[in-house]
Amino acid sequence: MKLTDITSPSSIKSLPEQELQTLAGDIREEIIRTVSLNGGHLASNLGAVELTIALHRVFDCPRDKLIFDVGHQCYTHKLLTGRSAEFSTLRKLDGICGFPRREESVYDAFNTGHASTAISAALGMARARDMRGEKYKVVAVVGDGALTGGMCYEALNDAGSLHTPLMVVLNDNGMSISRNVGALSKQLTRLRISRGWLGVKKNVAEALRKVPGVGERLHDAFQRVKNKIRNAFIRDKFFSALGFEYFGPIDGQDIQGMEKVFRSLKNVDHPVVVHVVTKKGCGFHDAEEKPDKYHGVAPFYLEDGRTRNEQGPSAGTVGGKYIARLAKEHPEICVVTAAMTDSTGFGEFQKLYPDRLFDVGIAEEHAVTLAAGMATGGMHPFVAIYETFLQRAFDQIAVDVCMQNLPVCFLMDRAGIGGEDGATHHGLMGVSMLRAIPNMAVLAPRGESELKDMISWALKHDGPCAIRYPRSLPKLDWPEKPFRFGSWESVSALHRDVAILASSAILKECEEALTLLKEDDIEAYLINASTLQPLNTDCLRYLAKKKIPVVTVEEHFLSGGFGSAVAACCARMKLPAPIAMLGVPDEFVPHGSRKLLLQRYGLDGPGIAARVKKAVKG
């Protein structure tokens, strides 16, 4: 059977065993080929191929609900649910998303992209089913890394307390993005290495059946006591204590074995956990050897693994290396990450100072309050988390850090349009989130030199601050000046037609707009507003005094962002309001390249120039 012949999961339900193995191979080839061209999540998807096939053969989606935690293992699911013809558009603008999306298919039961949400969502669906008197099944597929997130425990505890019928499939591949950490990871390791129980159970059961005359009765008796026997081999008290019956571990590359377990548990009337052990990157040697490197990848050449469009070091790497340099002379420096040590640029710091870097797993709320505790003890923590994930810890930032005015510096990586990962991964709320909190300073560097200056300033600052930066920082034609907190930098010569206020990566598009505006006889003055909170009120007063109209530009939602902050400040000081505020409209931004998304929202060079021209000339 060709992938293009699969229009729904029913297409694979009657396939014989040998064809299932061929299908799994074809799916792997398609995933590898497409990701090599488009980029995406590779290792996690390769590990979940057989698991997804088995689930779709046993359960009847979309009537039954299949919820993937995070969703970066859903590519096989998309190929089995009628989207193989569109799979080449994966992560492209207006193509299919790299994560489950309800608006994309009835088979995507819940939108995901952030970790640890699936059990809560599945439990909600199961309770809605029960309240409405319906009969469908609900399955949450959760990676072992996601189980480091607190929401999972809240949901497990709630489900177990009321015995809501629900299946949680624990996809245990020993990885999240960085290698899993913590006590739970050690517990799963113990379970994983005790897979011999499955062989013991099978051998004993087969032997008992062969006893003449009493074989079946002995077999049935064995089945009744097998949980007690199993506990001699597997310590599964963790899930049992939460009210779940535990089954496993089972081989996550054995389709038939998984099918048998899923079918036997499909109609149970209580919550169960099925522990499936998979191999991240399975079927692609490089991804098997380096699953962390091949978790999320840019487009690459299959023959040698080289990235198709070579990129320089990320801003996070630049900042991480600089902090590692500072740490030699500053023993108070420590770093906290949330399962993304290498992704946030702190691999070198970890090698140099392993006792001063704390990877807490996918637990952003804990990461922030942990840092707050360290700060009260005399340390100066840098908390490195993608902006989109730091949203999860708003309460901890406000109450545990800012209310106590503690010297914690948040390094908010991937600020702005996040590209092909889509709506859940764009960093478009950071300014509106943080500027609402007293005591918080918010900074945004224009380049690598200013980023380093900001880090040095943060180390001396006796209070909380956040530094927002995209994956890579642009190089402007104008040389960087030393960063001064609260001061804004002139990026171009002073002109009186209009002043454009912007910061960070979008300054490059603004610089292009200056050239285009000049062709229309509009001389624009570009200002790097690198301190977003507090605003430079002296600069705003100066521009008002010189009667220079102001336009704000930001790679951020307009609501609550930099532009609205400037407008509110001008209103308080009775200064003229900005004549235009350019930014991302208040809608969730789809996946696609940053370049194309900036064009769509009028935030590329020509778009900014056209909108500024309209504001100036009417």
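The values are calculated or read from the model by the stated rules, or taken from the named source; none is laboratory data. As the structure is a computational prediction, the values presented were derived from the model and not from experiment. Counting neighbours? That spans all protein chains shown, and the Cβs are built from the backbone with ideal geometry, glycine included.
Step by step: first the residues of the stretch 367-410, then only those that are of a type in the set (Val, Ile, Thr), under 18 Å from Thr344 (Cα atoms) and in contact with a Ser or Thr (Cβ under 9 Å, 6 or more places away or on another chain), then the one that is surrounded by the fewest Cβ atoms within 10 Å (Cβ to Cβ). Which residue is that?
Per the stated criteria, the residue is Thr388.
Output the number of residues of the stretch 479-498 satisfying the condition of being more than 15 Å from Ser456 (Cβ to Cβ) and among the acidic types (Asp, Glu).
2
From the list Glu154, Glu104, which one is charged (D, E, K, R), at pLDDT 90 or above and closer than 17 Å to Gly71 by Cα?
Of the residues listed, the single one that is charged (D, E, K, R), at pLDDT 90 or above and closer than 17 Å to Gly71 by Cα is Glu104.
Going through the stretch 546-560 one residue at a time, which ones are touching a residue at least 40 places away in the same chain (Cβ under 8 Å), closer than 21 Å to Met440 by Cα and surrounded by fewer than 21 Cβ atoms within 10 Å (Cβ to Cβ)?
Answer for the stretch 546-560, where residues must be touching a residue at least 40 places away in the same chain (Cβ under 8 Å), closer than 21 Å to Met440 by Cα and surrounded by fewer than 21 Cβ atoms within 10 Å (Cβ to Cβ): Ser559, Gly560.
Name the residues in the stretch 578-599 that are more than 19 Å from Ala298 (Cα to Cα) and touching a Leu at 6+ places or on another chain (Cβ under 7 Å), would you?
Met581, Leu582, Gly583, Val584, Pro585, Asp586, Val589 - these are the residues of the stretch 578-599 that are more than 19 Å from Ala298 (Cα to Cα) and touching a Leu at 6+ places or on another chain (Cβ under 7 Å).
Taking Glu30 and the conditions (1) surrounded by 17 or more Cβ atoms within 10 Å (Cβ to Cβ); (2) of a type in the set (Asp, Glu); (3) farther than 21 Å from Asp304 by Cα, which numbered condition does it fall short on, given that it satisfies the others?
The single condition Glu30 does not satisfy is (3).
What number of residues within the stretch 429-454 are over 21 Å from the mean Cα position of the chain (by Cα), polar (S, T, N, Q) and either surrounded by 22 or more Cβ atoms within 10 Å (Cβ to Cβ) or not in a loop (DSSP other than H, G, I, E, B) (or both)?
Number of matching residues: 1.
Restricting attention to the stretch 519-527, does a residue exist that is out of contact with any strand residue (DSSP E or B) (no Cβ under 6 Å at 6 or more places or on another chain), among the acidic types (Asp, Glu) and closer than 18 Å to Gly563 by Cβ?
no
Please work out which residue is surrounded by the most Cβ atoms within 10 Å (Cβ to Cβ), limiting yourself to the stretch 502-545 and to residues that are assigned to a loop (DSSP other than H, G, I, E, B) and of a type in the set (A, V, I, L, M).
Applying the filter and picking the extreme gives Ala529.
Against the condition within 22 Å of Glu289 (Cα to Cα), surrounded by 19 or more Cβ atoms within 10 Å (Cβ to Cβ) and aliphatic (A, V, I, L, M), how does Ala48 come out, does it pass?
yes
Find all pairs meeting these conditions: Cβ atoms under 7 angstrom apart; at least six residues apart or on different chains; first residue within the stretch 5-25 and closer than 14 Å to Thr76 by Cβ; second residue of a type in the set (Asp, Glu) and outside any helix (DSSP H, G or I).
none
Among the residues in the stretch 455-469, are any at pLDDT below 95 and either assigned by TED's automatic domain parsing to the domain that holds Gly113 or buried (at least 22 other Cβ atoms within 10 Å of the Cβ) (or both)?
No: the stretch 455-469 contains no residue that is at pLDDT below 95 and either assigned by TED's automatic domain parsing to the domain that holds Gly113 or buried (at least 22 other Cβ atoms within 10 Å of the Cβ) (or both).
Before we move on, is Gly583 under 30 Å from the mean Cα position of the chain (by Cα), free of Cβ contacts under 8 Å to residues at least 60 places away in the same chain, crowded, with 19+ Cβ neighbours inside 10 Å and assigned to a helix (DSSP H, G or I)?
When the stated conditions are applied, Gly583 does not pass them.
Condition first: farther than 29 Å from Trp478 by Cα and modelled with pLDDT under 95. Now tell me which residues in the stretch 403-422 satisfy that.
Answer for the stretch 403-422, where residues must be farther than 29 Å from Trp478 by Cα and modelled with pLDDT under 95: Glu420, Asp421, Gly422.
Quick one: count up the residues across the stretch 125-151 that are surrounded by 14 or more Cβ atoms within 10 Å (Cβ to Cβ), over 23 Å from the mean Cα position of the chain (by Cα) and assigned to a loop (DSSP other than H, G, I, E, B).
Number of matching residues: 2.
Could you check the stretch 1-15 and list, in sequence order, the residues that are farther than 16 Å from Cys61 by Cβ and among the basic types (Lys, Arg)?
Lys2
For the stretch 318-422, which strands (runs of 3 or more DSSP E) that fit wholly inside it have 1 or more residues that are not assigned by TED's automatic domain parsing to the domain that holds Trp457?
none
All but one of (1) without any contact (Cβ under 8 Å) to a residue 60 or more places away in the chain; (2) not assigned by TED's automatic domain parsing to the domain that holds Val408 hold for Leu473; state the number of the condition that does not hold.
(1) is the only condition that Leu473 fails.
Residue check: is Ile96 out of contact with any strand residue (DSSP E or B) (no Cβ under 8 Å at 6 or more places or on another chain) and within 28 Å of Glu303 (Cβ to Cβ)?
Taking the combined requirement at face value, the residue satisfies it.
Would you check which residues across the stretch 330-344 are at pLDDT 95 or above and either over 15 Å from the mean Cα position of the chain (by Cα) or surrounded by fewer than 21 Cβ atoms within 10 Å (Cβ to Cβ) (or both) and list them?
His330, Pro331, Glu332, Ile333, Cys334, Val335, Val336
Out of the residues in the stretch 411-423 that are buried (at least 20 other Cβ atoms within 10 Å of the Cβ) and on the phi < 0 side of the Ramachandran plot, state the one that is nearest to the chain's Cα centre (by Cα).
Asp421
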